[in-house]
Amino acid sequence: MRSVVITGASTGIGWATTKLLLDRGFRVFGSLRRQADAERLGREFGANFIPLLFDVTDEAAVLAAAREVRAALEGETLAGLVNNAGIAVAGPVLGLAADEFRRQLEVNVIGVVIATQAFAPLLGADASLKGAKGRIVMVSSLAGKNGNPLISAYSASKHALEGFSEGLRREMMLFGIDVIIVAPGAVKTPIWSKAEEVDVSAYRNSPFFPAMERIRKVMLELSKNGLPPERVAQVIFGALTSASPRVRYQITPDPMQQFMVNVLPKRMVDRIIARRLGLSPPP
């Protein structure tokens, strides 16, 4: 039975990918931060789902989980690592506390580095293991190629993930381990529904306050009208199993979004976004 590790398996893309892989006959080790989620997913998914309790920024806990997975593999390789866990920190750069920016990068970038270093040996970098080489799937975002205002920290983390993945893919050629980016547009996941919890009152005296109120509404709309997580899960499944995977898969809920990111001049996109969020300079 092929085995895959998925970080951030409790909801959204991680949950949907876990379900799909289990339905296709995989065993899934899913990372969670809370024991209650481990118990819930155990009931939902059954014996072929093995919970791993760790926060991706806790290196000691991630390494302990990797030892647990190694023991369960009994000398075989891991088929895949899906680096999915992530958060979105909102706020204008000029008003966002450095610690908040740091937290964004710790989870979305350093957490990926920690998980990759811990589990890559099990994908086949450790030559003592038997079986086919595994793959690493990085869950990025359209924000990895297109910076968005008022979530610049999130965009920065995804830009960093894209560069990290490109360099890592070329390093992992030494072991025959592929690294594939899956970059969805807006997805119906809790990462955006949590926008309701964002306290914009901290920016009440900031010139960005009206735009912060608008971006919160946009994020809530994304949580309702974005891509179904199951669609992203299908792409991740293909990245893990295709005989000839692409290096990057980009999926959007709206062809116009793809057009804006890939075709329109950046200055034109600037003006469109500025008008939408009220960021145009005064006449």
Suppose we keep only residues that are touching a residue at least 24 places away in the same chain (Cβ under 8 Å) and part of a strand (DSSP E or B) within segment 52-89. Which one would you say is farthest from residue 172 (Cα to Cα)? 52
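Output the residues belonging to segment 206-234 that are outside any helix (DSSP H, G or I) and either of a type in the set (A, V, I, L, M, F, W, C) or over 30 Å from residue 24 (Cα atoms) (or both). Lay out the reasoning, then the answer.
Just the residues of segment 206-234 that are outside any helix (DSSP H, G or I), to begin with: 206-208, 226-228.
Scanning segment 206-234 gives 206, 207, 208, 227.
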Within the set of pairs 6+ apart or on separate chains, which have a first residue in segment 123-136 that is touching a residue at least 12 places away in the same chain (Cβ under 8 Å), a second that is of a type in the set (Lys, Arg), and C-beta atoms under 6 Å apart? 124/133
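Kindly indicate whether any position in segment 130-137 is in a loop (DSSP other than H, G, I, E, B), over 25 Å from residue 61 (Cα atoms) and in contact with a strand residue (DSSP E or B) (Cβ under 7 Å, 6 or more places away or on another chain).
Checked segment 130-137: at least one residue is in a loop (DSSP other than H, G, I, E, B), over 25 Å from residue 61 (Cα atoms) and in contact with a strand residue (DSSP E or B) (Cβ under 7 Å, 6 or more places away or on another chain).
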Those residues that are buried (at least 19 other Cβ atoms within 10 Å of the Cβ) and either more than 21 Å from the chain's Cα centre (by Cα) or on the phi > 0 side of the Ramachandran plot (or both), I need them from segment 42-55; list them, please. 45
Tell me, yes or no, whether segment 103-112 has at least one residue that is assigned to a loop (DSSP other than H, G, I, E, B), at negative phi and out of contact with any Lys or Arg (no Cβ under 7 Å at 6 or more places or on another chain). no
Could you please give the count of residues in segment 117-158 that are of a type in the set (S, T, N, Q) and over 20 Å from residue 100 (Cβ atoms)? 4
Pick from segment 249-283 the residues that are among the hydrophobic types (A, V, I, L, M, F, W, C) and not in a helix (DSSP H, G or I): which of them is surrounded by the fewest Cβ atoms within 10 Å (Cβ to Cβ)? 263
Select from segment 223-247 the residues that are in contact with a Phe, Trp or Tyr (Cβ under 8 Å, 6 or more places away or on another chain) and touching a residue at least 12 places away in the same chain (Cβ under 8 Å) and list them in ascending order. 223, 226, 229, 235, 239
Residues that are of a type outside the set (Lys, Arg), surrounded by 16 or more Cβ atoms within 10 Å (Cβ to Cβ) and more than 19 Å from the chain's Cα centre (by Cα): does segment 22-31 have at least one? yes
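Table: residues versus (1) modelled with pLDDT of 95 or more; (2) hydrophobic (A, V, I, L, M, F, W, C); (3) under 30 Å from residue 213 (Cβ atoms).
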residue: 161; (1), (2), (3): yes, yes, yes
residue: 166; (1), (2), (3): yes, no, no
residue: 173; (1), (2), (3): yes, yes, no
residue: 176; (1), (2), (3): yes, no, no
Residue pairs, Cβ under 6 Å, 6 or more apart or interchain, first in segment 11-37 and within 17 Å of residue 83 (Cβ to Cβ) and charged (D, E, K, R), second assigned to a loop (DSSP other than H, G, I, E, B) and at pLDDT 95 or above. List them. 33/55
Any idea how many residues of segment 163-189 are among the aliphatic types (A, V, I, L, M) and assigned to a strand (DSSP E or B)? 6
Can you find a residue in segment 56-68 that is under 17 Å from the mean Cα position of the chain (by Cα) and over 19 Å from residue 29 (Cβ atoms)? no
Is it true that residue 150 is of a type outside the set (S, T, N, Q) and modelled with pLDDT of 95 or more? no
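The values are calculated or read from the model by the stated rules, or taken from the named source; none is laboratory data. Just so we're clear, the structure is a prediction, and the values are computed from it rather than from any experiment. As a convention, Cβ positions derive from the backbone with ideal geometry for all residues, glycine included, and neighbour counts pool all protein chains shown.
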